[in-house]
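First the structure, in the form of C-alpha cells, and then the observations on it.
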Amino acid sequence: MRIGLLKDEPLLSYDELYPPSHARETIERTCILCHGPDFLPNKQWDESQWNAAIDLMQNPLITRARAWCRARLLPASERNWLLTWSRTSGRKQEARAGSSDQPIDEKALGKAMFVEYHIPPLPSGQRGFHDAHLSQNGDVWYVDARGLQIGKMDPRTATWTDYALAGPQFRGHGLTQDAGGDIWASGHTGFVRVDSKTGAIKYYPYNPEAKRPPHGNTPFIDSKQNVWTSLSWANEIAKWTDDMP
C-alpha cells in the first residue's frame with residue numbers, strides 16, 4: 001500500500017496500471033526496478049514534465065554516480081513508448097490519485113516561513129544528496145552519495161557536518177533513525193550506523209559472500225528496533241538485529 005493513501009481510494013490491478021505493451025516492458029526495466037510500481041501513477045504530469053523527468057534520470061552527473069541507473073540506456077523509441085503510456089494509461093489514474101483540491105488554512109499559511117539552506121560544495125565540487133531525515137532533536141541528516149558521506153545540518157545555526165564513509169561499497173541511499181538516536185543508512189554492500197552524538201560509524205555487511213553487490217535502498221526500523229532494508233540488485237530484504245556482531 002502506498003504511504004499516504006487517500007481514504008476510499010480505489011486500487012487497480014497491475015495490468016490495469018500497466019497494460020501489457022512495449023511501454024510496460026520499458027517502465028519495468030528502467031523505472032519500476034528502483035522506484036516501485038506506485039511511483040509513476042502518482043505523477044499526474046503533462047508531457048513536458050515527463051520529458052523533464054526522463055532528462056533528469058539521463059543526466060550524466062546522475063548516471064555517473066548511479067552507474068546502475070537504467071534510464072541512461074533509454075533509446076528514443078522506448079522513450080516514446082513511455083510517453084505514450086503517460087498520455088494514455090498514466091493519465092487515466094487520476095481517479096486513483098484522488099482530488100488535489102485540499103482545504104487550505106489561509107490564516108495558518110500566512111504565518112508560514114520558508115527557509116532555504118544552501119549546501120556547501122566539497123573541494124571536488126561533487127555532491128549528490130539523496131534522502132533527508134528530520135531527527136529527534138531537529139537536525140536534518142542526509143546521504144551524500146557522490147561525496148561518499150553521511151552528514152547532518154543544524155537548521156538553527158545552518159551548520160553542516162559531514163562524516164566520510166569507508167569507501168564506495170558503503171555509499172548510501174536511504175536513511176532513518178532508531179529509538180536511541182543512531183542514524184542507519186542502506187549502503188551499497190552493508191548497513192551504515194552513525195552515532196548521532198559522536199559521529200562514530202560502524203558497518204554491517206549484508207552478505208560478505210555475495211557475488212554481486214546487493215545495493216541497499218530504503219531502510220525501516222520496526223517496533224523491536226530491528227533494521228530492515230530492501231536490496232535492489234539482489235531482489236531480497238536484509239535485516240539487522242541487536243544480537244548481531
Checklist outcome for this item: Computed ³J(HN,Hα) along the range 14-20: with the Karplus parameters 6.51/-1.76/1.60, θ = phi - 60°, integer Hz and x for glycine or proline, the list is 4, 5, 6, 5, 10, x, x
Checklist entry - Amide H to amide H, which residues 5 or more places from ARG127 or on other chains are under 5 Å from it, using H placed in the peptide plane? => result none
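Sorted by packing (mean other beta-carbon atoms within 10 Å per residue), highest first, where do 105-113, 130-138, 170-178 land?
Working: 105-113: 7.1, 130-138: 13.4, 170-178: 21.4.
Highest-to-lowest ranking by the protection proxy: 170-178, 130-138, 105-113.
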Checklist entry - Once phi is turned into θ = phi - 60°, what whole-Hz ³J(HN,Hα) does the Karplus curve with 6.51, -1.76 and 1.60 give for every residue of the range 140-157, x standing for Gly and Pro? => result 10, 9, 8, 9, 10, 5, 6, x, 6, 9, 10, x, 9, 10, 8, x, 6, 10
Checklist entry - If VAL140, VAL194, VAL115 are ordered by their accessible area, calculated over protein heavy atoms with a 1.4 Å probe, which sequence runs from highest to lowest? => result VAL115, VAL140, VAL194
Checklist outcome for this item: Karplus ³J(HN,Hα) for the range 201-216 (6.51 cos²θ - 1.76 cosθ + 1.60, θ = phi - 60°; Hz, whole; x = Gly/Pro) runs 10, 10, 10, 10, x, 5, 8, x, 9, 4, 6, 9, x, x, 6, x
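Within the set of other residues whose C-beta is less than 14 Å from the C-beta of ALA234, count the net charge using Lys and Arg as +1 and Asp and Glu as -1.
Details: positive: LYS211, ARG212, LYS239; negative: GLU209, GLU236.
Its environment carries a net charge of +1.
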Checklist entry - How much length is gained if the chain between ASN137 and GLN225 is pulled fully straight, taking 0.36 nm per residue apart and subtracting their Cα-Cα distance, in nm to one decimal? => result 29.8 nm
Item to check | With all protein chains modelled, accessible area of SER230 [1.4 Å, Å²] | outcome: 50
Item to check | Nonlocal amide H pairs with LEU165, under 5 Å, H built at 1.01 Å | outcome: GLN149, ILE150
Checklist entry - Once you wrap a convex hull around the alpha carbon atoms of the range 114-245, what is its projected area averaged over all directions, in nm²? => result 8.7
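Working out 0.36 nm times the residue gap between LYS107 and GLN169, then minus their Cα-Cα distance, what length gain in nm do you get to one decimal? The partial results should precede the final answer.
Working: separation 62, 0.36 × 62 = 22.32 nm, distance 4.88 nm.
Full-extension gain reported as 17.4 nm.
If you take all C-alpha pairs in the range 171-245, what percent of them are over 19 Å apart?
Details: 744 of 2775 pairs.
Pairs farther apart than 19 Å: 27 percent.
Could you tally the net charge around PRO120, taking each other residue with its Cβ under 10 Å from the Cβ of PRO120, Lys/Arg +1 and Asp/Glu -1? Let's see the in-between values first.
Details: positive: ARG127; negative: ASP162.
Result for the local shell: 0.
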Next on the checklist: Give me the percent of accessible area attributable to carbon and sulfur for the range 165-245, probe 1.4 angstrom.
Outcome noted: 52
Checklist entry - Over the range 133-180, one equal point on each Cα, no solvent: what is log10 I(q)/I(0) by the Debye formula at q = 0.29 Å⁻¹? => result -1.09
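What size of dipole, in debye to the nearest 20, comes out for the range 171-245 about its Cα centre when the only charges are +1 on Lys and Arg C-beta atoms and -1 on Asp and Glu C-beta atoms?
On the way: 8 positive and 8 negative charges, 52 e Å.
The dipole magnitude comes to about 240 debye.
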Item to check | Accessible area (Å², per residue) of the range 106-154, counting only protein heavy atoms and a probe of 1.4 Å | outcome: 65
Checklist entry - Treating the beta-carbon of each Lys and Arg as +1 and of each Asp and Glu as -1, no other charges, what is the dipole magnitude of the range 118-199 about its Cα centre, to the nearest 20 debye? => result 160
Item to check | Summed side-chain charge close to THR159 - residues other than THR159 whose Cβ falls under 13 Å, Lys, Arg +1, Asp, Glu -1 | outcome: -1
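The values are calculated or read from the model by the stated rules, or taken from the named source; none is laboratory data. Note that this is a predicted model, so its numbers are computed, not measured. FYI the Cβ positions are ideal-geometry reconstructions off the backbone, even for glycines, and counts take in every protein chain you see. Surface accessibility is based on the protein's heavy atoms, side chains included, excluding ligands, DNA and RNA. Shrake-Rupley method; radii C 1.70, N 1.55, O 1.52, S 1.80 Å.
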